[in-house]
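The values are calculated or read from the model by the stated rules, or taken from the named source; none is laboratory data. Please read these numbers as outputs of a predicted model, since none were measured by experiment. Here Cβ is always computed from backbone atoms with ideal geometry, including for glycine, and neighbour counts include all displayed protein chains. With ligands, DNA and RNA removed, areas are computed over all heavy atoms of the protein, side chains included. Shrake-Rupley method; radii C 1.70, N 1.55, O 1.52, S 1.80 Å.
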Amino acid sequence: MNTLIIFVLLLVLMLTGMPISISLGLTVLTFLFTLTQVPIESVALKLFTGIDKFEIMAIPFFILAGNFLTHGGVAKRMINFCTSMIGHWYGGMGLAGVMACALFAAISGSSVATVVAVGSIMLPAMVKQGYPKRFGAGVIATSGALGILFPPSINLVMYSIATAGMSVTGPSGQPVGSASVGQLFLAGIVPGLVLSFLLGVTTWFRAKKFDYPRMPRASWGERWRAFRESVWGLLLIVVVIGGIYSGVFTPTEAAAMAAVYAFFISVFVYKDLKLKDVPRSLKSAAAMSSMLLYIVTNAVLFSFLMTSEQIPQAMAAWMTSQGFGLVVFLLLVNVILLAAGNFMDPAAIVLIMAPILFPVAVKLGVDPVHFGILMAVNMEVGLCHPPVGLNLYVASGITKMGITELTVAVAPWLLTMIGFLIVVTYWPSLSLWLPHLLAR
Amino acid sequence: MFNRILDHLEEWLITFLIGAATLVIFLAVLHRFASTIPWIQDYTIKLDVSWAQELCIYMFVWMAKFGAAYGVRHGTHVGVDVLVRALPKDKAKYLVMFGLLAGALFTGIVGTLGARFVWDNGFHYALMHTLLGQDVGDLPEGPTTPDLEIHTWIVYSCVPLGSYLMCFRFLQVFWRFVRDGELPHHDHGHVEGVDPLDETEIIAHGPTAAAGQGAQR
């Protein structure tokens with residue numbers, strides 16, 4: 001009964017269009033004031049202690065780094081490098097777009113930043129080359145979603161935060177630890193590469209079918225020059241991922257280093273960002289991260305309510321008593337997450353749904369790391385379809401195409417992604433192979 | 001006038017905090033590296049930077065609270081706007097007004113809870129004892145933080161301050177909406193500082209330019 005009250009209240013409040021963070025907080029307050037004995041004073045403290053963990057601070061750092069990279073000319077040089085390597089194949093610029101998105105995703109933690117950075121340069125260039133607008137928009141809007149699968153990923157950090165410290169038990173009652181940011185980042189690499197490859201294949205077939213223009217093969221001299229220009233940006237992959245896995249940095253420190261490094265190359269090496277524009281970049285990164293941290297704070301309150309009401313445990317018990325197996329549960333998870341993706345921002349979905357679904361998943365024997373990747377791929381799909389697919393809005397901002405037209409444009413790649421989602425869901429080894437290999 | 005000062009203060013504060021936090025962690029990591037190099041080691045070892053993480057966390061929590069208030073004024077907070085957009089404008093109006101007032105209510109309650117917490121955890125003592133020099137009886141002095149050893153009530157005061165500011169912002173936005181019917185709107189799809197035309201020109205000078213012209217021929 002209480003469960004029903006909580007969810008209905010949350011849903012009603014959300015539908016009024018108020019910020020998600022406020023509706024989460026108000027639900028918790030209403031419930032605490034009226035239906036429980038939990039001391040209300042603990043709420044004030046939770047608002048502070050909910051986000052006073054060093055792991056969470058990776059989020060503002062990665063956003064800041066992404067902000068510098070977007071305006072700092074890194075993407076431009078990466079695109080030139082990719083175009084010189086594979087531009088002469090069928091749909092060359094489209095393929096280069098996929099590759100550039102994958103590379104940029106590996107240095108920035110957000111899908112939107114990836115679409116902005118690569119799309120704002122690539123899309124006008126593609127139109128100039130004679131590609132139809134919708135082809136370019138379809139490629140970039142979907143490939144940009146790679147941003148939350150490739151490490152570093154803000155979404156995976158969110159998942160790790162949302163599930164950290166939960167005491168959950170596996171199928172036979174043994175305690176299971178939650179997934180660390182490091183493990184999740186590692187697990188995202190192989191699925192990210194596979195998805196990039198699949199998106200590339202889709203692009204190639206479409207380009208071949210409609211005979212889109214190809215570019216002349218670049219000479220090795222040109223390739224070398226493009227590589228040398230982009231090497232500063234590519235080195236960031238080494239700093240972040242290498243730094244974390246060699247044990248030199250914690251993920252948060254790596255994020256801070258990435259921000260400083262991105263600032264340095266944007267302002268002093270590439271000189272595309274003026275020193276006087278730096279405060280504006282700082283301010284917009286601060287505003288964006290505050291918004292996310294505010295959702296985190298209130299989501300922590302919400303999951304505190306969930307735990308104190310034993311809701312995930314009750315759900316897990318119900319699931320097992322109904323005889324639902326793993327297959328049905330995972331299917332259900334995908335449906336719920338895809339449906340939620342129609343209304344909500346990915347960060348909010350992860351923060352609200354992960355604490356609820358995670359204990360059930362673990363109870364049924366799903367690996368915490370695998371579950372994190374599964375959620376990330378779901379969010380990727382949600383980013384690429386209306387009504388709230390943020391990638392589409394960004395692409396629409398750049399191309400001035402309507403959302404309906406864009407929805408048609410992304411369809412081939414979106415179908416590929418949904419196919420990929422099924423593979424990720426039912427083939428855990430795809431995500432778990434690399435972390436297990438390195439753990440040994 | 002007061003409003004303009006407040007606006008600037010808010011923006012200046014969050015800009016400073018994110019920049020400073022980045023610098024602090026960067027320096028702490030540098031310090032750790034320097035401490036492994038033989039000659040420099042002797043100097044760096046004397047510096048204690050164990051407080052860096054704690055300071056970074058506090059700066060970001062403060063940034064989050066004031067940034068959230070800034071976000072209300074600029075409409076950065078994401079919400080579910082499916083219903084609001086589906087309804088006719090004169091009906092959606094009431095929904096928006098309800099949402100804004102609910103925001104003010106929530107932040108007001110939280111601010112009050114936070115203020116009470118801060119008061120009981122040392123602010124009362126600090127005010128009476130340190131400032132007014134009165135006998136405080138058995139008022140608690142309140143705990144201090146583990147590394148920086150400052151009073152926790154100072155650190156926690158971001159909850160009442162930030163929440164009350166946010167409450168004020170919600171009321172401000174509400175008032176403007178009632179008066180002019182305008183809402184602050186942050187377009188997450190808007191690409192700031194990137195002009196598409198401009199970028200095509202830049203790419204035209206890059207290594208792909210020659211290739212591009214070749215393909216068009």
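Observations, loosely collected:
- Peptide A:250-260 has a mean of 4 when you count, residue by residue, the C-beta atoms of other protein chains within 10 Å of its C-beta.
- When Rg and Dmax are taken over the Cα atoms of the range A:95-199, they come to 17.2, 61 Å.
- When the other protein chains are added to the chain by itself, burial of at least 30 square angstrom of heavy-atom accessible area (probe 1.4 Å, ligands and nucleic acids ignored) affects these residues of the range B:141-158: B:TYR156.
- Computed from Cα atoms, the angle from the helix A:74-86 axis to the main principal axis of chain A rounds to 60 degrees.
- Fraction of accessible area attributable to carbon and sulfur, the protein assembly as shown (%, probe 1.4 Å): 67 percent
- Sites B:ARG85 and B:LEU127 - FRET efficiency at Förster radius 51 Å, r taken between beta-carbons, to 0.05: 0.55
- At full extension, A:LEU326 and A:ASP52 could sit 95.1 nm farther apart than now, given 0.36 nm per residue minus the alpha carbon distance.
- Of the residues A:ASP272, A:ASP211, the one with the largest accessible area comes first in the ranking A:ASP211, A:ASP272, computed with a 1.4 Å probe on protein heavy atoms.
- Reported to the nearest whole Å, the Cα centre-to-centre distance from the range A:253-285 to the range A:109-132 is 21.
- Segment A:GLN174-A:ARG134, length gained on full extension (0.36 nm per residue, minus Cα span): 9.3 nm
- Sparse-neighbour loop sites [trypsin sites (Lys or Arg not before Pro); the range B:1-92; at most 11 other C-beta within 10 Å; DSSP]: B:LYS46
- Charged side chains reduced to their Cβ positions (Lys and Arg at +1, Asp and Glu at -1) give chain A a dipole of some 1480 debye around its Cα centre.
- Heavy atoms of A:MET166 accessible to a 1.4 Å probe, total area in Å² rounded to 10: 40 Å²
- Accessible area per residue was computed with a 1.4 Å probe on protein heavy atoms; A:TRP232 scores about 100 Å².
- Per-residue SASA entry for A:LEU123, accessible area with 1.4 Å probe, Å² rounded to 10: 10 Å²
- Within the listed set A:ARG77, A:ARG280, A:ARG214, the residue fluctuating most in the Gaussian network model of chain A (springs between alpha-carbon atoms under 10 angstrom) is A:ARG280.
- Rounded to the nearest 20 debye, dipole of the range B:1-130 from Cβ charges on Lys, Arg, Asp, Glu: 500 debye
- For chain A, the 222 nm mean residue ellipticity estimated from helices alone, with every DSSP H stretch of n ≥ 4 adding -39500 (n - 2.57) and the total spread over all residues, rounds to -23000 deg cm²/dmol.
- With the charge dipole of the protein assembly as shown set up from +1 on Lys and Arg Cβ and -1 on Asp and Glu Cβ about the Cα centre, the Cα lying farthest toward the positive end among the listed residues A:SER172, A:LEU156, A:GLY97 is that of A:GLY97.
- Between the range A:379-413 and the range A:144-218, the alpha-carbon center distance in angstrom: 19 Å
- Mean per-residue shielding of peptide A:288-299 is 6, counting Cβ atoms of other chains within 10 Å of each Cβ.
- Accessible area buried at the A-B interface, both sides summed, 1.4 Å probe (Å², nearest 100): 6800 Å²
- Taking chain A as a Gaussian network of alpha-carbon nodes connected by springs under 10 Å, the highest mean-square fluctuation of the residues A:SER42, A:SER289, A:SER108 belongs to A:SER42.
- Of every Cα-Cα pair in the range A:299-440, the percent that sits beyond 27 Å: 30 percent
- Restricting the calculation to alpha carbons of the range A:18-109 gives Rg and Dmax of 22.6, 68 angstrom.
- Average beta carbon contacts from partner chains per residue of A:23-29, 10 Å cutoff: 4
- Across all directions, the average flat footprint of the convex hull enclosing the Cα atoms of the range A:60-114 is 3.4 nm².
- Förster radius 45 Å - calculated FRET efficiency between A:PHE197 and A:THR307 (Cβ-Cβ, nearest 0.05): 0.65
- Shape of the range B:39-124, Cα gyration tensor, a/c cut at 1.5: oblate
- List of the range A:55-93 residues, accessible area with partners at least 40 Å² below that of the chain alone (1.4 Å probe): A:MET57, A:PHE61, A:HIS71, A:LYS76, A:ASN80
- Rounded, prolate or oblate (a/c below 1.5 giving rounded, otherwise prolate when a/b exceeds b/c) for the range A:200-345 by Cα gyration tensor: oblate
- Cα convex hull volume per residue for the range A:184-224 (Å³): 93 Å³
- Each principal axis of the protein assembly as shown carries a Cα extent, and these read 88, 67, 62 Å when sorted largest first.
- With protein chains left intact and a 1.4 Å probe, residues in chain A average 35 Å² of accessible area per residue.
- Cα gyration tensor shape of the range A:240-294, rounded if a/c is under 1.5, else prolate or oblate by comparing a/b with b/c: oblate
- Taking 13 Å as the cut-off, the amide N atoms of the range A:191-219 that come nearer than this to a point 7 Å along the Cα-to-beta-carbon line of A:HIS88 belong to A:214-219.
- Projected label distance in nm at A:LEU235 and A:THR34, using a 7 Å step from Cα toward the beta-carbon: 6.0 nm
- When B:HIS151, B:HIS77 are compared by accessible area of protein heavy atoms, the largest-first order is B:HIS151, B:HIS77, using a 1.4 Å probe.
- Candidates A:GLU229, A:GLU41, A:GLU55: whichever shows maximal mean-square fluctuation once chain A is modelled as a Gaussian network with Cα springs under 10 Å: A:GLU41
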